Structures are given as C-alpha cells and as structure tokens.
1. Are there any pairs with C-beta distances below 9 angstrom linking a residue in the stretch 52-69 that is farther than 12 Å from ALA17 by Cα and free of Cβ contacts under 8 Å to residues at least 40 places away in the same chain to a residue that is surrounded by 11 or more Cβ atoms within 10 Å (Cβ to Cβ) and polar (S, T, N, Q), with the two at least 6 apart or on different chains, and if so which?
2. Kindly indicate whether ALA69 is surrounded by 14 or more Cβ atoms within 10 Å (Cβ to Cβ) and either of a type outside the set (Phe, Trp, Tyr) or more than 19 Å from ASP11 (Cβ to Cβ) (or both).
3. Looking at the stretch 41-51, which of the residues that are under 13 Å from the mean Cα position of the chain (by Cα) and surrounded by 13 or more Cβ atoms within 10 Å (Cβ to Cβ) is farthest from ASN18 (Cα to Cα)?
Amino acid sequence: MATNTYETSRDAKVHTANLRSEMQQVIEHLRRDINVVDEPRAKAMFETTAEVLQGLIKTFQDYDLGQEAAFKGR
C-alpha cells in the first residue's frame, strides 16, 4: 500500500501545502452549498466559514514563504 508523501514527511511545508489544498476544497464545497440552501443564516455561516478558511490559507502561504515576522527563522 502506497503512502502519501505528506503522511511520512517531516517537512512542514509538505503538510502546509496539503492542508491548504484540503481547506480550498472545503471553501469550494461551502460556496457551492450557498447556492443550494435557502436559509439566509446558513448562507451567511457558510460564507463566513469560507472567508475564515481563506484567511488561514493565506497564513499558511505566509509561513511557507517566510513573509510574516513570526514565521521567520531565528
């Protein structure tokens, strides 16, 4: 049985890339569901969740690129 690189890698960037991809998939699912549900509060919750995940994706990208002071090597 083959294992994925992210399952065995000790490189944080491998894991952050995988997590970004998974979060992007959830964002796409949430935004599709906004067009399916009728309840306004659910739509708002789905959109808010998608926006929060987008912010997390940006944070993960900043980490990978070392663009935030908190993520720069010491």
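1. Listed by first residue and then by second, the contacts come to LEU53/GLN24; GLN54/GLN24; GLN67/GLN61; GLU68/THR59.
2. no
3. Among those that are under 13 Å from the mean Cα position of the chain (by Cα) and surrounded by 13 or more Cβ atoms within 10 Å (Cβ to Cβ), it is THR49.
Each reported figure results from applying straightforward, stated rules to the coordinates on display, with no laboratory input. These figures come from a predicted structure and were not determined experimentally. Cβ coordinates were reconstructed from backbone atoms using ideal geometry, including for glycine residues, and neighbour counts include every protein chain displayed.
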